[in-house]
Amino acid sequence: VSEAKAYLAEGTHFAKGSMAPKIEAIIQYLEAGGKQAIITNPENISRALRGETGTLIVPDAA
């Protein structure tokens, strides 16, 4: 999560009307107790759930 927050704060990695809101939602979800979040496109969801593609974001280690 801290890495995603840093990238978001830089303002150059995630488009404001596209990926930035998704990253903000993922950060909120994980900080509220979520265990992980995956970013992928619908066509690749099965592969992403198997860990073969996509971006996995997890909470910071305690």
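Where a number appears in this text, it was derived from the coordinates with a stated rule and is not lab data. Note that the structure is predicted; figures quoted are calculated from it, not measured. All Cβ positions, glycine included, derive from the backbone under ideal geometry; neighbour counts span all protein chains shown.
Summary table below
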{"item": "Sites residue 53 and residue 6, calculated FRET efficiency, Cβ-Cβ separation with R0 22 Å, nearest 0.05", "result": "0.40"}
{"item": "Spacing of the two label points (7 Å from each Cα toward its C-beta) at residue 22 and residue 39, in nm", "result": "0.7"}
{"item": "Helical contribution to [θ] at 222 nm, DSSP H n ≥ 4, -39,500 (n - 2.57), averaged over the chain, rounded to 500", "result": "-12500 deg cm²/dmol"}
{"item": "Choice from 24, 43, 52 showing the highest fluctuation, given a GNM over the chain with Cα pairs closer than 10 Å", "result": "43"}
{"item": "Net charge over other residues, Cβ less than 14 angstrom from the Cβ of residue 30 (K, R count +1; D, E count -1)", "result": "-1"}
{"item": "Sites residue 61 and residue 29, calculated FRET efficiency, Cβ-Cβ separation with R0 22 Å, nearest 0.05", "result": "0.80"}
{"item": "Leading residue at positive end of dipole, the chain (Cβ point charges), from 9, 33, 46", "result": "46"}
{"item": "Cα-based Kirkwood hydrodynamic radius, the chain, one decimal, Å", "result": "12.2"}
